[in-house]
Amino acid sequence: MVSPHRAERPWQGQIEPTPLEASLAYDPACYLCPGNARAGGVTNPQYKGAFVFDNDFAALRVDTPKGEFRERDLLLARSEAGRCRVVCFSPQHDLTLARMSVNEIEAVVHAWCEEFSSLARRQDVRSIQIFENRGAMMGCSNPHPHGQIWVNENVPDELAREVTAQEEYFRIRNRSMLEEYLRLELDKQERIVCANRSFVAVVPFWAVWPYETLLISRRRVGSLLELGAQERTGLAEILRQIAIRYDNLFCAPFPYTMGFHQRPTDGAVYPGFHLHAHFFPPLLRSATVKKFMVGYEMLAMPQRDITAESAANQLRELPDTHYLHAK
Ligand SMILES: [Zn+2]
Ligand SMILES: [Zn+2]
């Protein structure tokens, strides 16, 4: 449901820059900065580039005992073992994807690939969820650029739904659903935000969040690991582009949850699964006004305040250099 008439004219052209929070290249109190102590007495090495370690407060644990709970065929629960990894994108505390170089982001892509490769080899790992929560609005308390990798012994619900839909589509049409969707978007040129030789970013037709975007690889691959060297560079470039455009939208650091969906790693073949990333940003009208998913959204269905086409148009028309570097 889209009801753009509901909002008052959202942007009158004048946007006041929101001041950046004071930030340092190194914060002695940050548990992610190089050389600093973490919980449990571990000290971070003097890392350069990306740095990956096990989350000290992991939600998923390798040593979870097997168990199942069932009551009258109504209530069902089972144990879930796994791991939670933390990926520092850079040793520099005050950077973000938007302000890192393509080379620096490539190092992050490389770290994601290495993690996927080593974790996927394990028998008890069936799915690998790479994501980033950015900004206090998304519950991220530490501004140090970092993301997470959650590893499951079962395929989580969101991914399971996508796997079922994409494999079903492939079975019937013998083509990847997202490949077909990408072709449609490239023909229409209405919802594309930016693109390069390897990746395309669109505001998807079904977007729920005002500035939600979907990043799709031009070539169908099931995971980051299957990307060639040029495609990995392309991924780094477009991640930077999306992050820059988001920051430029309200001339302020833009909060979001971003994550990749990749094929399950249970040993089965997924010919229809197509690597992509979702960006879910909460902002609606300005750096300080967010979209609330309440009331009708919780009880009935999501409602958009701006059309996907107008959101894509706004993001597409923004400068491709960061507002802090504009001059
Ligand atoms: Zn830090
Ligand atoms: Zn997805």
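Rounded to two decimals, the Cα radius of gyration of region 88-140 over 2.2 N^0.38 Å is 1.36. Peptide packing for 204-216, 55-67, 91-103, 109-121 was compared via the average number of neighbouring C-beta atoms within 10 Å per residue; ordered from the highest value, the list is 204-216, 91-103, 109-121, 55-67. Note on residue 74 and residue 124: with the Förster distance fixed at 25 Å, the Cβ-Cβ geometry gives a FRET efficiency of about 0.30. Over all distinct Cα-Cα pairs of region 243-327, the Kirkwood formula returns a hydrodynamic radius of 15.6 Å.
Here the Karplus relation 6.51 cos²θ - 1.76 cosθ + 1.60, evaluated at θ = phi - 60°, turns the backbone of region 125-133 into coupling constants of 10, 10, 7, 10, 9, 9, 7, 9, 9 Hz, with x for every Gly and Pro. A Förster radius of 45 Å, combined with the Cβ-Cβ distance separating residue 25 from residue 187, puts the computed FRET efficiency at roughly 0.50.
Which values of log₁₀ I(q)/I(0), to two decimal places, follow from the Debye formula for region 155-197 at q = 0.19, 0.24, 0.27 Å⁻¹ with a uniform point scatterer at every Cα? Results for region 155-197 at q = 0.19, 0.24, 0.27 Å⁻¹ read -0.71, -0.85, -0.89. Ignoring solvent entirely, what values of log10 I(q)/I(0) come out of the Debye formula for the chain at 0.11 Å⁻¹ when each Cα is a single scatterer? Per q value, in the given order, log10 I(q)/I(0) is -0.77. Here the sum of -39500 (n - 2.57) over DSSP H runs of 4 or more residues, divided by the residues of the chain, equals -8000 deg cm²/dmol at 222 nm, to the nearest 500. For region 177-327, the Cα gyration tensor yields ellipsoid semi-axes of 26, 20, 14 Å (square root of five times each eigenvalue, largest first, whole Å). Averaging the Cα positions of each part gives two centres, and for region 26-89 and region 265-327 these lie 27 Å apart.
Values of log10 I(q)/I(0) for region 107-170 across q = 0.13, 0.26, 0.27, 0.29 Å⁻¹ run -0.49, -1.08, -1.09, -1.13, by the Debye formula with one identical scatterer at each alpha carbon and no solvent.
Kindly provide the chymotrypsin sites (Phe, Trp or Tyr not before Pro) of region 243-327 that DSSP labels as loop, not H, G, I, E or B, and whose Cβ sees at most 13 other Cβ atoms within 10 Å. Intermediate values should be presented prior to the final figure.
Values: sites: 246, 250, 256, 260, 273, 279, 292, 296, 323; in loops: 250, 273, 292.
Sites meeting the loop and neighbour criteria: 292.
Sorted from greatest to least, the principal axis extents spanned by the alpha carbons of region 152-228 come out as 37, 28, 27 Å. When cysteine pairs in the chain are screened for C-beta atoms closer than 4.7 angstrom, the residues that find no partner are 84, 88, 113, 140, 194, 251.
Laboratory data are not the source of any read-out in this text; all were calculated from the coordinates shown. Just so you know, these numbers come straight off a predicted model, no measurement behind them. Using ideal geometry, Cβ is built from the backbone for each residue, glycine included, and neighbour counts are taken over all protein chains shown.
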